[in-house]
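Peer 1: Next up is a structure, given as structure tokens.
Bear in mind that the values in this text are calculations on the coordinates, not laboratory data. From a predicted model like this one, the values you see are computed outputs, not experimental measurements. Neighbour counts are summed over all protein chains in view; Cβ atoms, including those assigned to glycine, are modelled from backbone coordinates with ideal geometry.
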């Protein structure tokens, strides 16, 4: 099932749609699908579109002061920020969402919960790799966090599994501070609340910045803008899927 969850959305993302239009144009020997593919590529690659799409997905939030957050039963940090360097040694490196880890530590060091939970993000096509939460636990230990304060869930493959694994570790009516990327927060919060958790969101890893003025460069294609568009688009697909199941 995890393979389907990873592969099927590719058909609906800009990359899949663009390739589909290009193939259609070549097979049918018509120019209109190829022009449509080029137009879609240009639109998805421009910061003027990607910034606004990501801002809509993020909900125009901002980084919160950890000291202003209430005390709860546990701080939950979702996986998705570690990559493993190639080679024989399993050396963890930070990915784009490393703010999740540091946001969780900020909350714990502000004494907002006695417990810090890392989810055990894991992919079945890398069975030799330990869950991400184990790497995060080791890094947190090096930062002086007590080992008795931390828990890593069982291996999980997606956000729904993360919510279920965390819920199994909590009390009957838990209140948690949930730490994840801003664009991912609404979907993650909904999944945890569906399982009976009271969720106080602590979004981090913001992408959109609508405060800066436009420039001519915002209308030119950029690889980072295309990546951001796909990230927001994929999140919208995920929300639609889980919303259908609720």
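Peer 1: Once every DSSP H run of n ≥ 4 in the chain is given -39500 (n - 2.57) and the sum is divided by its residues, what mean residue ellipticity at 222 nm do you get, rounded to the nearest 500 deg cm²/dmol?
Peer 2: On the way: 9 runs with 110 residues, N = 246.
Computed mean residue ellipticity for the chain: -14000 deg cm²/dmol.
Peer 1: Give me the percent of Cα-Cα pairs in the stretch 66-204 that sit more than 23 Å apart, rounded to a whole number.
Peer 2: 27 percent
Peer 1: Please list, by residue number, everything in the stretch 67-81 whose backbone N is under 19 Å from a paramagnetic label point 7 Å out along Cα→Cβ of residue 111.
Peer 2: Residues 67-75 qualify, since their backbone N sits under 19 Å from the label point.
Peer 1: Let me ask another. Rank these for me by crowding, 19, 49, going from fewest to most other beta carbons within 10 Å. Display every interim value, and only then the final one.
Peer 2: Working: 19 14, 49 19.
If I rank by nearby Cβ atoms, fewest first, I get 19, 49.
Peer 1: Counting DSSP beta bridges in the stretch 66-204, what percent are antiparallel, to the nearest 5? Write out the running numbers ahead of the final one.
Peer 2: Values: 3 of 22 bridges.
In the stretch 66-204, approximately 15 percent of DSSP beta bridges are antiparallel ones.
Peer 1: What distance in nm lies between label points placed 7 Å from Cα along the C-beta direction at residue 214 and residue 154?
Peer 2: 5.2 nm
Peer 1: Explain nothing, just the number: relative contact order of the stretch 66-204, from Cα pairs under 8 Å at least 6 residues apart, as a whole percent. Walk me through the numbers on the way to the answer.
Peer 2: On the way: 251 pairs, mean separation 37.1, N = 139.
About 27 percent, as a whole number.
Peer 1: In addition: Taking other Cβ within 10 Å of each residue's Cβ, how do 185, 150 sort, fewest first? Don't skip to the end; give the middle numbers.
Peer 2: On the way: 185 24, 150 20.
By the 10 Å Cβ count, ascending, the order reads 150, 185.
Peer 1: Still on this structure, please answer the following. State, to one decimal in nm², a quarter of the convex hull surface area for the C-alpha atoms of the chain, i.e. the direction-averaged projected area.
Peer 2: On the way: hull surface 63.7 nm².
Taking a quarter of the hull surface, the average projection is 15.9 nm².
Peer 1: Further question: With a 10 Å cut-off between alpha carbons and a GNM built on the chain, which of 29, 234, 212 moves the most?
Peer 2: Per the Cα network of the chain with a 10 Å cutoff, 212 tops the list.
Peer 1: Still on this structure: Please give the Cα centre distance for the stretch 10-54 versus the stretch 162-241, rounded to the nearest Å.
Peer 2: Spelled out, the Cα-based centre of one part sits 25 Å from the other.
Peer 1: Using a 10 Å cut-off around each Cβ, can you sort 51, 218, 111 from fewest to most neighbouring Cβ atoms? The partial results should precede the final answer.
Peer 2: Details: 51 21, 218 16, 111 10.
Least to most surrounded, the residues fall as 111, 218, 51.
Peer 1: A further question on this structure: Please give the residues of the stretch 204-246, grouped as numeric ranges, whose backbone N is less than 17 Å from a label point set 7 Å along the Cα-to-Cβ vector of residue 52.
Peer 2: In the stretch 204-246, the label zone of residue 52 (backbone N under 17 Å from the point 7 Å along Cα→Cβ) covers 208-222, 225-226, 228-230, 232-233.
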